[in-house]
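First the structure, in the form of structure tokens, and then the observations on it.
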Amino acid sequence: MTSEPLRNPNVAPASATIGARIRGVLGLLCGLRKHDFRAAATWINTMYPGVSPVARIFKFLHWALRQMWCEIPNSLCATTFAPHVSKTPIWLADGNPLENHPWAAAPQASLPQRVHTVVIGAGFTGGALAYHWSRRATAEPGMQMAVLEMGEAASGSSGRNEGLVVMGRYCTMVRDTVLKHLPRVRHDLSESDHRQLALQFAVAYCRAAYRNGDLIEQTIRREGFDCDYARQGWVQARDADQQAALAESVRTALDMGLADWTSIDPDEVRRRTGMTVAHNAGFSIAAASFHPAKWVWSLLNAALRSENVEFYSRTRVLKVELVGDDYHVHTTRGVIEARYVVNAIESYTPLLHPQFHDRILPTQTQAACGEGGPAAMQPHVGISGTRGFFGRHKAHVLVGSDATRVPDREAGRIQPSRFITKFLLGEMRRYFGPSRYHVTHEWSGTVSYTPDEYPIVGVMDGCRQYIIGGMAGSGTGVSFNAARCVVNRILGQTDEPDDYPAEYFAPSRLLDPQGHPWPELER
Ligand SMILES: Cc1cc2nc3c(=O)[nH]c(=O)nc-3n(C[C@H](O)[C@H](O)[C@H](O)COP(=O)(O)OP(=O)(O)OC[C@H]3O[C@@H](n4cnc5c(N)ncnc54)[C@H](O)[C@@H]3O)c2cc1C
């Protein structure tokens, strides 16, 4: 591995020499950090279902040795790393039009003493709340919304992701995660009732997600947002042993009237993505790609053109207190009183609201980006292998993976694993063949999973404090529609459909399962 520019940019060596392999193994071992061990534990626990713990460890060691001796060195002989690989996500590398807002232009500005609604967090969710508020709230005095962000707009996961507008998770994926959890909270139901209820959860989620995808597209077109939006689907590779599950997932989705999730054959996969696979892949037809940070900035800019939305970056919320009929939102710049509060802080939630510890689980995912990469890789389409994702965005190729829980206090930290980046280079080579690649950026972000991997949207304290979270790494599949529904609820507007009924989405599902108003079983 070298940081010098490659001599022949067109030809990638087929395999590494013995010396390069030894150097590669030593480099990998010396570079191991705490997160690598956590990620290894995740791998051991998730990659070998139905295998005993001891056998899993042996399988993992076999896999790790093969990676270190063969796959990674082979891909590294065509890869260079910039002398200083930037930890700034590629989406934020060209600056932020809302940086230090409003303080940059108005250093003497101060927070309002009182607003109607405070939103905490300015990512996909906070940006969407601001946007919907600007369209739905009247311009009367007293109808102000203040969005408070401790960093910059889109500095959380929303500015660090893969850039796919997903149609949510597909139906059987949601069904199965809910099904795994239900017996822990619904002891009163039979196994077949659990299956029925899990399917209902999945259908409710997917319907809301489908509308979410369409609303995003309509909004981008109507507003003329410049965020590189293109709707060309998302291909997800599947190995031989996953073909039966893929076929069942497509059948079930169709039976439920969820037409987005289908499967395509290897020729179609290659045509759409440039990826070579031996088996059918899952395909989400209506998924799209965009520049995620530009989406957030566009939403906020549109909202800020109205009279009733204000945005304050670099303003951390320290505590939210209910005092009489109002919330006192304590921040690093003073206290704001508000009638309503909406938490749009995803993986950071347990830090502000400790009752969500073990209910909102911060989970690290990472990405790297560079120049070059496989010429065959198609732009504007979502591409997932079985263990990582890939994407071409203009001159850059993105690779990413991981879903490892981290302690609450590590929410939002940027601590990517170089081992995982190198593993992904091997995966890219596996699917696209050898190519020259120069890594310039590498970062991580935290998303949030609930124990049933099902989002929460609704009131969290029995009063007027809302939360949208637990989107399980699919924030674009939930945030925009959920924000619309929460804004409508706060404003008491009922002229639009509400896709997030309390029976499914209320936070009481996690906070108080016994008191939660579970949906009736549909027989
Ligand atoms: C590598 C990676 C790839 C991903 N790929 C995709 C993808 O392709 N498609 C997709 O849909 N999703 C993807 N995701 C997930 C997606 O990015 C998230 O689901 C989404 O960004 C969540 O948006 P959010 O606005 O709810 O949270 P965030 O973007 O995390 O925003 C929360 C904000 O709250 C602020 N905040 C936190 N605490 C406070 C406080 N106390 N006071 C004030 N502000 C606070 C934070 O600074 C942050 O800006 C990916 C994530 C990662 C990390």
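Only the coordinates and a few stated rules stand behind these numbers; no lab work does. Since the structure is predicted, the reported quantities are computational estimates derived from the model, not experimental observations. When we count neighbours, we look across all protein chains shown, and the Cβ atoms used for this are built from the backbone with ideal geometry, even at glycine.
Please arrange H101, H194 by how many other C-beta atoms lie within 10 Å of their C-beta, fewest to most.
Lowest count first: H194, H101.
Do you know the relative contact order of the chain, to the nearest whole percent, from alpha carbon pairs under 8 angstrom that are 6+ apart? The normalised contact order for the chain reaches 22 percent. Rounded, prolate or oblate: which fits segment 28-116, taking a ≥ b ≥ c as square roots of the Cα gyration tensor eigenvalues, rounded meaning a/c under 1.5, else prolate when a/b beats b/c? Oblate shape, in that a/c is at least 1.5 and b/c is the bigger or equal ratio. Across segment 74-160, Cα pairs under 8 Å and at least six residues apart give a relative contact order of 37 percent. Of the residues G324, Q232, V203, the one whose Cα sits farthest toward the positive end of the charge dipole of segment 202-324, with +1 on the Cβ of Lys and Arg and -1 on the Cβ of Asp and Glu, is G324. The phi torsions of segment 53-68, fed into the Karplus equation with coefficients 6.51, -1.76 and 1.60 and a -60° offset, translate into couplings of x, 5, 4, 4, 5, 5, 4, 4, 4, 4, 4, 5, 5, 4, 4, 6 Hz, rounded to whole numbers, with Gly and Pro shown as x. Across segment 283-370, C-alpha contacts under 8 Å between residues 6 or more apart give a mean separation that, scaled by the residue count, equals a relative contact order of 14 percent. Legend: translational diffusion of the chain by Stokes-Einstein, Rh = Kirkwood radius over C-alpha pairs, 25 °C, 0.890 mPa s; D = 103 µm²/s. Estimated from the Cβ-Cβ distance and a Förster radius of 51 angstrom, the FRET efficiency linking I18 and E248 is about 0.65. The stretch between H357 and L29 holds 114.8 nm of extra length on full extension. This uses 0.36 nm per residue minus the Cα-Cα distance. For R413 and R333, the FRET efficiency from 1/(1 + (r/R0)^6), where r spans their Cβ atoms and R0 equals 25 Å, is about 0.60. Here segment 295-334 and segment 337-403 have alpha carbon centers that stand 24 Å from each other.
How large is the translational diffusion coefficient of segment 206-298 in µm² per second when you combine the Kirkwood radius over alpha carbon pairs with Stokes-Einstein at 4 °C and 1.567 mPa s? Rounded, D is 89 µm²/s.
Counting only lysines at least 8 places from K34 when in the same chain, those with an alpha carbon closer than 18 Å to its own are K87, K422. Relative to its residue count, segment 62-162 spans a Cα convex hull of 175 Å³ per residue. Here D358, D241 are placed in order of increasing Cβ neighbour count within 10 Å, fewest first, which gives D241, D358. Pairwise alpha-carbon distances in segment 378-523 exceed 19 Å for 64% of all pairs.
Annotation: the antiparallel percentage among DSSP beta bridges lying fully within the chain is about 65. The length gained by stretching the chain between S86 and C463 to full extension, at 0.36 nm per residue less their Cα-Cα distance, is 131.4 nm. Converting phi to 3J(HN,Hα) with the Karplus coefficients 6.51, -1.76 and 1.60 and the offset θ = phi - 60°, segment 376-385 yields 6, 5, 7, x, 6, 10, x, 10, 10, x Hz in sequence order, with x at every glycine or proline. Residues of segment 151-191 with an amide N closer than 20 Å to a point placed 7 Å from the Cα of E99 along the Cα-to-Cβ direction: 151-161. With 0.36 nm allotted per residue and the present C-alpha distance subtracted, the H187-E321 stretch has 44.8 nm of extension available. The separation of segment 65-130 from segment 144-203, counted between C-alpha centres, amounts to 23 Å.
Order of 277-284, 293-300, 242-249 by packing, highest average Cβ count within 10 Å first?
Averaged packing, sorted descending, gives the order 293-300, 277-284, 242-249.
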